[in-house]
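Derivation of every value follows stated rules applied to the coordinates shown; laboratory data play no part. Computed from a prediction, not measured in an experiment: that's the story for all the values here. A quick note on method: Cβ atoms are made from the backbone with ideal geometry, for glycine too, and the neighbour counts reach across all protein chains shown.
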Amino acid sequence: MKLYANGCSFTAGNGDVHGADGHLMPPANYTWPSLIPVEHVINESRVGGNNDRILRKTMDYFTKNNSDNHIAVIQWTSPVRFERYFPMFDCWAEFCNVNNLEVNNTLQQTKLQGKYSLHADNGEIISKFFDNSDMNYDKFNLIETATKVLMYAKEINDYIVDFYKTIILMQQFLDSKNVPYIFTSMSFFNHIKDTEACMGIEKFDIINTNYETNLYKCLDQSVWNNEPCSAIAKNHVFPDRHPNEDGHILIANNITSEFKKRGIL
Amino acid sequence: MNLLVNGCSFTAGSTMQGNVSWLWPNMAEDNFSQVQNIAKAGGSNDRILRTTLQYCNNNNMDDTLVIIQWTSFFRHEYYSSRHGWMNITCNVTEDNFSQLSNQTDKTKNYVSIEDENGNNIENKHIQDALNNEMLYLNSINDYNIRYLKNVLTLQYYLNKNNIKYMFTSMNENEHINLGLDAVYTKKNSVTPLEAQLKMSVDQTKWSKQSLQTYMEENYISQNDRHPNEIGNKLIAQALFGELMEKHG
């Protein structure tokens, strides 16, 4: 049995976003997918990952590989993260929200600490093009644009609408490939399971439109575990709230138990 | 049997002509107990998905066929707690597709934003953010991905609820069986994600051609390329013929 896992730093392992060569860090070997009792683990999660990337990489993996003898766990992450394709550089630029915005440095430093950070599959793309672009594709402009769209043009409702569509596409795709799967998430903000434990805790403080309500009805509740990774790891976390090694063991136990409950493991 | 149709001006009638009696959905009135047309001129695919879900969830669909006419993927919607659903049109001519493939001069492209009543939204912050989003963040590929996500979401919903349907499109660029890739052949290439999303679309649920192909050269005028009465008749004949083939 092979386990395919995809998510963000809660599945990839946290720590520095980039290695010394500018590449995004690969999943760490102590993370929960490697603790699930299967023969082989494919973990395509990445620090700062977004839901668009999770769908893209998962579809790519199961299109290129025979899905027989696979199970999958998808750990959804923050809906305000996203990725866009840049034909000029043939790369996917990933926009991740950052927590802190400090304005007491130089203007350049302040801009770089904007509300999004910019990643790419290939770190060289960032240094070759986005860092040095003279064509308005520099990091400043892209981060500023993503932030302006967040602040002025979109509401959280829009990000949630897109998140629900992404989940629906993933359901449809994995069902079509006959891959048994479980959905989980980083935190209650991204956990859609309609259970008492999840209601009213760490939810976006917004009024849902009918559109989100109608899309929500399309989500298959039965494939979700009951709690997000942040709740499962509880107090076994680093100061930045990512699960520590004990936290990863708890998450692995929870996911294993969910698979067993469904007769998949 | 009832019929629900949704789309843009090719189904609603253009803003100039309105919902005239010879519009193709109106020609179906003899064959259906009721025809419900919720299309809107200038509407986006986001709107088509949103309003179709809304209609289907609020009405008994047991005895209703659905025709969805998808439209240009350069239109979309964002929600605003102040303005409601904003209809955003990226005014991009075919000559300027290259600009959305991240090449040179982009100054000719601009975004127009309307509220649900068709009033222009003049908020400078919103305009600035959306213009920059079109110019710097979104490529043609991103628009296409957004479109395919809408198609697949509605496909999933209609299948899940056992609602009989047929998809068609305004022109070949958006038609899944025809030229969805045509828009790229000149300027751009399709990413593996788009190819994989397209593979997930059920092509058997689509009409053979787009409305622009069915109407041939029968448009209202050189300045208004919407179908005229003959064009609408040709569209109606083709679509209802195929609908009967698929659903009896």
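Spin-label model, B:Lys164 to A:Lys234: label points 7 Å out along the Cα-to-beta-carbon direction sit 5.5 nm apart.
Per-residue shielding of A:77-84, expressed as the average number of other chain Cβ atoms within 10 Å of the residue Cβ, stands at 2. Here's the picture: charge each Lys and Arg Cβ at +1 and each Asp and Glu Cβ at -1 in the stretch A:212-265, and of A:Asn226, A:His242, A:Leu265 the one pushed furthest to the positive end of that dipole is A:Leu265. Listed by chain and number, the lysines whose alpha-carbon sits under 20 Å from that of A:Lys128, ignoring those within fewer than 8 places in the same chain, are A:Lys111, A:Lys139. Counted by neighbouring Cβ atoms within 10 Å, the residues A:His23, B:His226, B:His83 run from fewest to most as A:His23, B:His83, B:His226. Here is the size of the stretch B:114-248 from its Cα atoms: Rg then Dmax, 17.7, 52 Å. Here's how it looks for A:Asn122: its modeled amide H is under 5 Å from none belonging to a residue 5 or more places away or on a different chain.
Based on a Kirkwood Rh over C-alpha pairs, give the Stokes-Einstein translational diffusion coefficient of chain A at 20 °C and viscosity 1.002 mPa s in µm²/s. This corresponds to a translational diffusion coefficient of 111 µm²/s.
Chain B has equivalent-ellipsoid semi-axes of 29, 20, 19 Å, by the square roots of 5 times the alpha carbon gyration tensor eigenvalues, sorted largest first. Backbone amide hydrogens, once placed in the peptide plane, bring B:Ser80 within less than 5 Å of B:Trp85, B:Met86, excluding anything fewer than 5 places away on its chain. Counting Cβ atoms of other protein chains within 10 Å of each Cβ in A:218-224 and taking the mean gives 1. Label-to-label distance, A:Asp246 versus A:His40, with points set 7 angstrom from Cα along the beta-carbon direction: 3.5 nm.
Residues whose amide H lies under 5 Å from that of B:Trp206, counting only those 5 or more places away or on a different chain, are B:Phe167; hydrogens are built 1.01 Å from N in the peptide plane.
For chain A, the 222 nm mean residue ellipticity estimated from helices alone, with every DSSP H stretch of n ≥ 4 adding -39500 (n - 2.57) and the total spread over all residues, rounds to -9500 deg cm²/dmol. In whole percent, what relative contact order does chain B give with Cα contacts below 8 Å and a gap of six or more residues? It rounds to 19 percent for chain B. Across chain A, Cα pairs under 8 Å and at least six residues apart give a relative contact order of 20 percent. According to the Cα-based calculation, Rg over Rh for the stretch A:15-102 is 0.98, with Rh computed by the Kirkwood formula. Highest mobility in the GNM of chain A, judged by mean-square fluctuation with C-alpha springs under 10 Å and restricted to A:Asn210, A:Asn29, A:Asn254, is found for A:Asn210. Net charge in the neighbourhood of B:Ile163 (other residues with Cβ under 15 Å of its Cβ; Lys, Arg +1, Asp, Glu -1) is +2. Counting every C-alpha pair in the protein assembly as shown, the share spaced more than 29 angstrom apart comes to 53%. Per residue of peptide B:131-144, the mean number of Cβ atoms on other chains within 10 Å of the residue Cβ is 5.
Using the Cβ-Cβ distance between B:Gln237 and A:Glu124 with R0 set to 60 Å, the FRET efficiency works out to roughly 0.60. What pairs from B:Lys164/B:Lys198; A:Lys193/B:Lys198; A:Lys217/B:Lys40; A:Lys115/B:Lys205 go past 31 Å between their alpha carbons? A:Lys115/B:Lys205, as the Cα separations exceed 31 Å there.
Looking at chain A alone, DSSP beta bridges between its own residues are antiparallel in about 45 percent of cases. Helical content alone sets the calculated 222 nm signal of chain B at -10500 deg cm²/dmol, taking -39,500 (n - 2.57) per DSSP H segment of four or more residues and averaging over every residue.
For the pair B:Lys208 and B:Ile230, label points projected 7 Å from Cα toward Cβ lie 2.1 nm apart. For the stretch A:222-265, just say rounded, prolate or oblate: build the C-alpha gyration tensor, square-root its eigenvalues into a ≥ b ≥ c, call rounded for a/c under 1.5, and beyond that prolate if a/b exceeds b/c, oblate if not. In terms of gyration-tensor shape, prolate.
Estimated at 0.36 nm per residue, the fully extended path between A:Asp68 and A:Thr213 surpasses their Cα-Cα distance by 48.7 nm.
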